[in-house]
Amino acid sequence: MKRRRTHQPAPGAKALPAGAERRGRLRPKLRYDLLGCGLHGHALVGTDAARLRPEDALFAREDPAGFRWYRCLRCDAWLPLAVPETPRADTPPERDAVRLPLRGRPLRDRYVLRAIAVERALHVLVLGALVAAVFLFAAHRQLLHQDYLRISADLQRMSGGPARPPHHGIGADVNRLFRLPD
């Protein structure tokens, strides 16, 4: 199992606050947890509680200005919300009762697998439509060939040229398509 290398601050350097990252890459990193919060909203705990306990400081804190700061369990963002006017619970649920949302690699895997499934479904639809078109062409080949000859003769007459079958280009490819056996 590979061990991840963590960046150790230099001796005497200030430690970063919780949730902050050091800049180390020039290439932007796709944050699936932010994508999840953008699509489904933040995963906040205790927004409907009347009061907070000291052990709730991990995910919710009181502000002297009358706000409460709630920590998103998915993306670690702290969000200020007003204290609820009509609370539904006296305190937030216990830590064991809180269901943690997916984050990190499992969340990335979920999105990547869903993207692959959508791509495969799109392939099935497109290839199925092509197969249906081939079968329709084979079933109505004679009728389609007569219509094609009439349209190409009309176009050649309108352009002032003689009505003869083309020997190159798209017209020759379509003629070759009509000559294929069933």
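Mind listing whichever residues of region 158-176 are touching a helix residue (DSSP H, G or I) at 6+ places or on another chain (Cβ under 8 Å), at pLDDT below 75 and within 22 Å of Leu143 (Cα to Cα)?
Keep residues of region 158-176 that are touching a helix residue (DSSP H, G or I) at 6+ places or on another chain (Cβ under 8 Å), which gives 162-166, 171, 174.
Those left that are additionally at pLDDT below 75: 162-166, 171.
The answer is Ala163, Arg164, Pro165, Pro166, Gly171.
Looking only at region 25-71, which residues are of a type in the set (Asp, Glu) and touching a residue at least 60 places away in the same chain (Cβ under 8 Å)? Please lay out each step first, then the result.
Here is the first cut: in region 25-71, the residues of a type in the set (Asp, Glu) are 33, 48, 55-56, 62-63.
Listed by number, the list holds a single entry, Asp33.
Checking Leu130 against (1) assigned to a loop (DSSP other than H, G, I, E, B); (2) of a type outside the set (Lys, Arg); (3) more than 30 Å from Arg51 (Cβ to Cβ); (4) under 42 Å from the mean Cα position of the chain (by Cα), only one condition comes out false. Which one?
Condition (1) is where Leu130 drops out.
Working only within region 59-95, note down all residues that are of a type outside the set (D, E, K, R), outside any loop (DSSP other than H, G, I, E, B), more than 23 Å from Leu107 (Cβ to Cβ) and open to solvent by 50 Å² or more (accessible area, probe 1.4 Å).
If the condition is that a residue be of a type outside the set (D, E, K, R), outside any loop (DSSP other than H, G, I, E, B), more than 23 Å from Leu107 (Cβ to Cβ) and open to solvent by 50 Å² or more (accessible area, probe 1.4 Å), then Phe67, Trp69, Pro80, Leu81, Ala82 are the ones that fit.
Among the residues of region 132-145, is there at least one that is among the charged types (D, E, K, R) and either within 30 Å of Leu73 (Cβ to Cβ) or modelled with pLDDT under 80 (or both)? Even if it seems obvious, please write down each step before you answer.
Filtering region 132-145 down to residues among the charged types (D, E, K, R) leaves 141.
Pick out the ones that are also either within 30 Å of Leu73 (Cβ to Cβ) or modelled with pLDDT under 80 (or both) and you get none.
Taking every residue of region 132-145 in turn, none turns out to be among the charged types (D, E, K, R) and either within 30 Å of Leu73 (Cβ to Cβ) or modelled with pLDDT under 80 (or both).
The values are calculated or read from the model by the stated rules, or taken from the named source; none is laboratory data. The structure presented is a predicted model; accordingly, all values stated were derived computationally and were not measured. No Cβ is skipped: glycine too gets one built from the backbone with ideal geometry, and neighbour counts run over all protein chains shown. These area figures cover heavy atoms from the full protein model, side chains too; ligands, DNA and RNA do not enter into them. Shrake-Rupley method; radii C 1.70, N 1.55, O 1.52, S 1.80 Å.
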